[in-house]
Amino acid sequence: MSEPSGDGTKGARRDGRRRQITQRLLPVVEDLLRRGDSFQAIPVEQILSASGLARTTFYRYFGDKSELLIALAEPMLDSILEAAMRPLELAPDLTVGDLERELSQTMTIYLHHVRLLGAMVEVATYDARVRTKFRGVFDVVHQNLAGRLAEGQKGGFIRPDLPPWETAGWITWMAERGMSQLAATATEDGRAKLAQSMARLVWHGLYTSGE
């Protein structure tokens, strides 16, 4: 077995250090966003001052503030993607109660970092790198959901009159916007009702057993 190259070891060490710095900066950035500032309005110097990180260290690992935002958001986006995929794994045995529980869990993950997600939506309007990263996660949800809808139609448990790709697109982006615009400001009881209503919209709209 060949020994790992020096460059590979150095790269792994750098990646590990970058993750450590990202984790260190995450609560700092979220706290600044919690105060009401937009991400664009927060200067790098303020992030560095609040975290105690040296400017040279920051720019050693991040080309600019948008690169930092992408690094901060990656674990959260991975968690959202994983949660969004779970209901698809339960079909065709999925029940409306299962769907409601899964949507509640996805909402909890989403809301835990809702300000960071809001920053991504903000920056995506003018930075193609952030836009590509943000849309990429939901594009995967869209694509996988469309495939599962097509499979469900062949299996007889998804309504046959629905175009899979277009239907999956509506569900994906309706859910994303609903999470940020409705769930973000809802009370705990309100979030429960949002999960319940979304589950029933999807259930009665997609599943033959929901007709």
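Overview of results
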quantity: Conditions (1) closer than 30 Å to PHE157 by Cα; (2) within 21 Å of the chain's Cα centre (by Cα): number failed by PRO92; calculated: (2)
quantity: The stretch 34-63, subset assigned to a helix (DSSP H, G or I) and small (Gly, Ala, Ser), residue farthest from the chain's Cα centre (by Cα); calculated: SER49
quantity: Long-range neighbours under 7 Å by Cβ, at least six apart or interchain, first residue free of Cβ contacts under 8 Å to residues at least 40 places away in the same chain within the stretch 117-135, second of a type in the set (A, V, I, L, M) and surrounded by 15 or more Cβ atoms within 10 Å (Cβ to Cβ); calculated: ALA124/VAL130; ARG131/ALA124
quantity: Residue match in the stretch 113-127 (condition: surrounded by fewer than 15 Cβ atoms within 10 Å (Cβ to Cβ) and assigned to a helix (DSSP H, G or I)); calculated: no
quantity: All positions within the stretch 151-186 that are within 20 Å of MET85 (Cβ to Cβ) and of a type in the set (S, T, N, Q); calculated: GLN153, THR167, THR172, SER180
quantity: Pairs, first among the basic types (Lys, Arg) in the stretch 138-158, second assigned to a helix (DSSP H, G or I) and at pLDDT 90 or above, C-beta under 9 Å, six or more apart; calculated: ARG148/PRO164; ARG148/ALA168
quantity: Selection count where residues are over 15 Å from GLY205 (Cβ atoms) and either of a type in the set (Phe, Trp, Tyr) or surrounded by 14 or more Cβ atoms within 10 Å (Cβ to Cβ) (or both), scope the stretch 148-170; calculated: 3
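The values are calculated or read from the model by the stated rules, or taken from the named source; none is laboratory data. Keep in mind that what you see is a predicted model, and the values were worked out from it rather than measured. When we count neighbours, we look across all protein chains shown, and the Cβ atoms used for this are built from the backbone with ideal geometry, even at glycine.
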